[in-house]
Amino acid sequence: MATEVFPRVFEGALGADKKKFAIVVSAFNKSVTQKLLDGALQCFRKNGAADVDVFHCPGAYELPQVASFITQKKKYDAVVCLGAVIRGETPHFDYICQECARGIGQVSHDRGLPVMFGVLTTDTFEQAMERAGGSVGNKGYDAALGAIEMSNLFSQFVS
């Protein structure tokens, strides 16, 4: 007779009261990124986080470098990267988006730490604003929520 197997299930909870988070936010397209930052901070407050540091950098291209530097210190349970890259008339958009996404993913992989990609890559300013608190929601809030869940999930692997 076969024994029924019950798997152990691991998933991240939403409590953030004993966690330390960092947010790295791009200053470029500040009218958008400020709204993303506001959304992330609102999420952290709502879920009990009391320990959040905010780092400002010039643009989306610099997000991975700052995230890499601060994750070396091993002070944070998760990092949220926020930025907005809006398509222009040149291929510059493609280069910035590609390197930003690759770099943030690489930092997360190399450090074994949740580093969330909260970078908008849109065709228009209006699309960016819709994703920074408009009708599509706030992707900064979503990235912070993911950071909380992932930090709680990762903490289960340590024990």
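Each reported figure results from applying straightforward, stated rules to the coordinates on display, with no laboratory input. Remember, predicted model here, so these are calculated numbers, not experimental data. All Cβ positions, glycine included, derive from the backbone under ideal geometry; neighbour counts span all protein chains shown.
Here are some notes:
- If the segment from SER155 to THR3 were pulled out straight at 0.36 nm per residue, it would be longer than the present Cα-Cα gap by 51.7 nm.
- With contributions of -39500 (n - 2.57) from each DSSP H run of at least four residues, the per-residue ellipticity at 222 nm computed over the chain stands at -15000 deg cm²/dmol.
- Taking amide H positions as modeled 1.01 Å from N, with prolines and chain starts lacking one, the residues under 5 Å from VAL119 and 5 or more places away or on another chain are GLY83.
- Neighbour-limited loop hits for GluC sites (Glu not before Pro), region 64-159 (at most 13 other Cβ within 10 Å; DSSP other than H, G, I, E, B): GLU89
- Added length on full extension, which subtracts the Cα-Cα distance from 0.36 nm per residue, ALA13 to HIS56: 12.7 nm
- The radius of gyration of the Cα set in region 20-158, together with its Dmax, comes out at 14.1, 47 angstrom.
- Contact order for the chain, expressed relative to its length and based on alpha carbon pairs under 8 Å spaced 6+ residues apart, stands at 32 percent.
- Within region 1-79, chymotrypsin sites (Phe, Trp or Tyr not before Pro) in DSSP loop having at most 11 other beta-carbon neighbours inside 10 Å: PHE10
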